[in-house]
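**Student:** This is the structure I want to talk about, given as structure tokens.
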Amino acid sequence: MVAAVVGLTRTTWRGLTGRARRRDRLAAGVAGAALVVGVLTVAAFAAHDGPARPATVAVSAPARPAALERSDERGASAAAVYVLELEPYGLLSGDWHDFAALCSTASGWCRDKTTSMRLVEAGTVRYAGCAMRAEAVRTTPTDAPDTFVVTVAQRQEACVRHETASSRPSTDPPTGDPVPGGDGVDVYGGNDDPDSPPDLLDITVRHGGDGWQVVRASLA
């Protein structure tokens with residue numbers, strides 16, 4: 001009688017244990033499926049959560065020269081070279097603040113370049129290439145107080161602009177020649193061939209209460 005009761009208890013225990021294990025496996029399977037579905041749902045939502053904003057190019061900002069603190073010809077030379085270094089940096093990164101701080105709004109060249117950099121920041125356009133090397137070759141005082149014309153020799157890679165948000169109407173083509181086989185516009189053909197002469201630029205800079213300001217830029 002006791003053996004019968006013991007056998008019945010063991011059989012019942014094995015049945016209960018088996019059912020419990022099956023329930024645990026079923027629950028684990030359901031939880032795993034729910035996790036996979038949740039991950040896929042989040043990924044799908046992220047993939048369709050609006051168009052991605054075009055990323056700007058990761059480039060290093062040029063170092064601010066110590067001579068920029070001087071108000072003499074050395075300071076003028078440093079200011080002229082530095083603003084030319086900030087130009088390709090701003091076009092590639094969209095960071096226009098240092099360029100605009102050094103470049104006077106009275107200069108059309110400064111206004112145009114700042115506008116282009118802000119379009120990069122907004123994700124409307126992007127630029128490729130544009131890297132440059134510049135060296136001041138002559139600094140000439142002018143009749144205006146604390147104002148110098150710095151002649152700079154510059155070499156620069158081809159600078160290509162790409163539309164990222166919308167294309168211009170065919171009746172209003174962008175400035176520059178279209179790049180064959182691509183959607184970019186060559187805004188500067190480049191002169192980085194070592195066998196070709198560098199461009200000579202005249203950068204007019206003035207020192208005042210806010211430091212150096214570029215007031216004009218033109219070909220020498």
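**Student:** What full-extension length gain, to one decimal in nm, is calculated for ASN191 and ASP210 as 0.36 nm per residue of separation minus the Cα-Cα distance?
**Tutor:** 3.5 nm
**Student:** Can you list the residues, at least 5 places off or on another chain, whose amide H is less than 5 Å from the amide H of ALA131, using H built in the peptide plane?
**Tutor:** Counting only residues 5 or more places away or on other chains, the set is GLU157.
**Student:** Can you give the accessible area per residue of segment 62-156, in Å², using a 1.4 Å probe?
**Tutor:** Per residue, segment 62-156 has 46 Å² of solvent-accessible surface.
**Student:** How many nm separate the modelled label positions at GLU73 and VAL59, each set 7 Å beyond the Cα in the direction of the Cβ?
**Tutor:** Each label point lies 7 Å from its Cα, and together they span 3.1 nm.
**Student:** With unit charges on the beta carbon (Lys/Arg positive, Asp/Glu negative), name the residue among VAL152, GLY108, GLY129 whose Cα is farthest towards the positive pole of the charge dipole of segment 104-170.
**Tutor:** Checked the options; the winner is GLY129.
**Student:** For the pair ASP143/ALA106, report the inter-label distance in nm, with labels modelled 7 Å from Cα in the Cβ direction.
**Tutor:** Here the modelled spin labels are 1.6 nm apart.
The values are calculated or read from the model by the stated rules, or taken from the named source; none is laboratory data. Given the structure is predicted, the values throughout are model-derived calculations rather than measurements. Cβ sites come from the backbone with ideal geometry, for glycine too, and all protein chains shown count toward neighbours. The protein model used for the area step is the full one, side chains on, heavy atoms only, and it has no ligands, DNA or RNA in it. Shrake-Rupley method; radii C 1.70, N 1.55, O 1.52, S 1.80 Å.
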